[in-house]
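The values are calculated or read from the model by the stated rules, or taken from the named source; none is laboratory data. Remember, it's a predicted structure, so these values are computed and weren't measured experimentally. Methodologically, a virtual Cβ is constructed for each residue, glycine included, from the backbone with ideal geometry; neighbour enumeration extends over all protein chains shown.
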Amino acid sequence: MNFSSPLYKIVLIGNAGVGKTSLIHSLIQRQFVEGFHATVGSSVHDWTAHTSQGDIELKIWDTAGQERYRSLAPISFRDAHAAIIVFDASFESSPDDEVNEWIASFHSTSGSDTPVYIVANKIDMVDQIDDSETQRDMSEKRKSVTTFLNRLAEEHSCKVFTTSAKNGDNVLELFEDIAKTVAQRHPSFVMAYPVQTGGNNSKCC
């Protein structure tokens, strides 16, 4: 890590199984691995965005989504410059409540003006359909995901993305956008005490 570059804390938030750690793995390792276990507690990963304005260093906190760890989540939210709230795009029941609960929990710790990105991950599960009848159904599903994201963007004044950790779709674009956003809000900010990363021992949720 280049400590002469601005350094920012980003937290990934969401229920277990939505693919938070898979997004990080896709970003850093440029590959997708099946069958990871759920994250316990949190793990921290370093990543550098190379932009026309210079390098921007991110500390990406991957947080546990299981119900039994919810009370510990605000500890990870402290001093965050932005949050990525992830849900499963292939949802059967609306993720409205879970997304709004995570937004409220994050803002209660970080402040309501801290940027939030809402991400519909696993969009590949919606798009990759074989038979035409199911394809029509999933086309409607894609529309419902888009409508849901657009509504959240308007309600919470936040940016929204669809991603696929499996295919890598929009993953780099998501993190580059976040890096630019936090750098514009906090130019030349450097964290005083960078934490040790757990990237080599992390598990996926």
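Computed values, structure above
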item: Selection within the range 71-123 - farther than 25 Å from Ala183 by Cβ, among the acidic types (Asp, Glu) and not in a helix (DSSP H, G or I); result: Asp88, Glu92
item: Enumeration of residues in the range 44-67 that are crowded, with 21+ Cβ neighbours inside 10 Å and modelled with pLDDT under 85; result: Ala64, Gly65
item: Options Val18, Val40, Val33, Val11: the member that is within 16 Å of the chain's Cα centre (by Cα), in a loop (DSSP other than H, G, I, E, B) and either modelled with pLDDT of 95 or more or not charged (D, E, K, R) (or both); result: Val18
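Let's see how each residue does on (1) at pLDDT below 95; (2) hydrophobic (A, V, I, L, M, F, W, C); (3) part of a loop (DSSP other than H, G, I, E, B):
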| site | (1), (2), (3) |
| --- | --- |
| Met125 | yes, yes, no |
| Ser139 | yes, no, no |
| Asp177 | no, no, no |
| Gln184 | yes, no, no |
| Val195 | yes, yes, yes |
| Asn200 | yes, no, no |
